[in-house]
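The values are calculated or read from the model by the stated rules, or taken from the named source; none is laboratory data. None of the values given here were measured: they were computed from a predicted structure. Glycine also receives a Cβ, built like all others from the backbone with ideal geometry; neighbour counts cover every protein chain displayed. Areas reflect the complete protein model, heavy atoms only, side chains present, ligands, DNA and RNA absent. Shrake-Rupley method; radii C 1.70, N 1.55, O 1.52, S 1.80 Å.
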Amino acid sequence: MTNLIKSDRLIYSMSSENKPALEVDPGSTVVFETCDCFQNQISSSEQPIEKLDWEKINPATGPLYVKGAEKGDTLRIEILKIDINDYGVMAAIPGGGIFGGNIGESSIKILPIIEGKAIFNDSIYIPCKPMIGVIGVAPDEAAIPNGEPGSHGGNMDNSKIVEGAVLYLPVFHAGALLAMGDLHAAMGDGEVMVTGIEIAGKVKVKIDLLKNHEIRNPILEYEDKVYTIASHEDLLQAVKISAEDMLYRVIRKLHMDINEAGMLLSAIGNTEICQVVDPKMTARFSMPKWVFK
Ligand code: CA
Ligand code: ZN
């Protein structure tokens, strides 16, 4: 039996107050049907973006209650499959993104998805690499709008959260309350214009629980690398926190002192940027997995 949460179970902020859409045991497979970040309100490039219902932005499907999950545990989310719709949407919004001050008028682009490519124009076909923009759990304290990233995950817009990746999120409340949405058919690191190729779809995940295993920020494994992820209003702080999380991981796992661990990070670790356009910016720090073997 497949557990399914349909895209009519939407939340707009991550909060311990949200009522679970579904309860499952650890080890379960769940499909989340998701809307795009505009809640599928855009279907034509002629549509004025100013007329959208801005209350319905960044919906996430869920939340999922994971039985037995408690504060101090870690939720393990394996991304088994991401299926996307047959068209994506991009927007230019005055004030939005790093060129926002120079954008006079808004515009919308609809990108048909054909045979794994997003049709940008007559000559540019973009290979799709579907990813999850918003994925998170109920945060430790007050509710956090889905547009914002943090320790709980949220709008990390991390181009590595793709099929085959494994995401680890800290659990702050009973059941964890996992929700996700804001898929992108493709997105460049930084997301400079504030939209990726926004698209509706379906995400199939396997959920597991690491009991009494505390992490302070999200961690990701993808292909041959492990990533620590941090968000902050100041990008340099996000960079520092993500590197620091990796530093302590190396100190702990490889029994090194800080000097030795720092040198190793400096030699083979990479600071990478997820996004620079959300209310907090997100950085990730990568290390090759082989070093931990
Ligand atoms: Ca996003
Ligand atoms: Zn998005």
Could you give the length gained on full extension between E214 and D234, defined as 0.36 nm per residue of separation minus the Cα-Cα distance, in nm? 4.7 nm
Please work out the FRET efficiency for the pair V192 and D53, using the Cβ-Cβ distance as r and a Förster radius of 41 Å; give the result to the nearest 0.05. 0.95
Once both labels are modelled 7 Å past Cα along the beta-carbon direction, what's the F120-S106 spacing in nm? 2.3
Taking the Cα centroid of region 218-248 and of region 81-124, what is the distance between the two, rounded to the nearest whole Å? 28
Roughly how much of E233 is accessible, in Å² to the nearest 10, using a 1.4 Å probe? 110
Run the numbers on region 33-191 and let me know its relative contact order in percent, using alpha-carbon pairs under 8 Å that are six or more apart. 34
Could you state the angle between the C-alpha long axis of helix 235-254 and the longest principal axis of the C-alpha atoms of the chain, as a value from 0 to 90 degrees rounded to the nearest 10? 40
Which of the chymotrypsin sites (Phe, Trp or Tyr not before Pro) found in region 211-288 are loop residues per DSSP with 10 or fewer other Cβ atoms within 10 Å of their Cβ? none
Karplus-derived HN-Hα couplings along region 173-184 (A = 6.51, B = -1.76, C = 1.60, θ = phi - 60°), whole Hz, x at Gly and Pro: 9, 3, x, 6, 6, 7, 9, 8, x, 6, 6, 10
Cα centroid distance between region 134-173 and region 24-51, in Å? 16
In region 163-237, which trypsin sites (Lys or Arg not before Pro) fall in coil by DSSP and have 16 or fewer other Cβ atoms within 10 Å? K211, R216
Nearest-ten-degree value, helix 258-268 long axis tilted from longest Cα axis of the chain: 40
For region 6-101 the trypsin sites (Lys or Arg not before Pro) that pass both the DSSP coil test and the at-most-16 other-Cβ-within-10 Å test are K6, K56, K67, K71
Relative contact order (%) - criterion: Cα under 8 Å, at least six apart; region: the chain: 23
For M131, what charge total do you get from the other residues with a beta carbon under 12 Å from its beta carbon, if Lys and Arg give +1 and Asp and Glu give -1? -4
Which residue fluctuates most in the GNM of the chain (Cα springs below 10 Å): D278, D122, D208? D122
Out of the total accessible area of the chain (probe 1.4 Å, heavy atoms of protein only), what percent is carbon and sulfur? 50
Take the cross-link list K206/K293; K6/K71; K81/K293; K51/K206; K71/K204; K71/K160 and give me the ones stretching past 31 Å between alpha-carbons. K51/K206
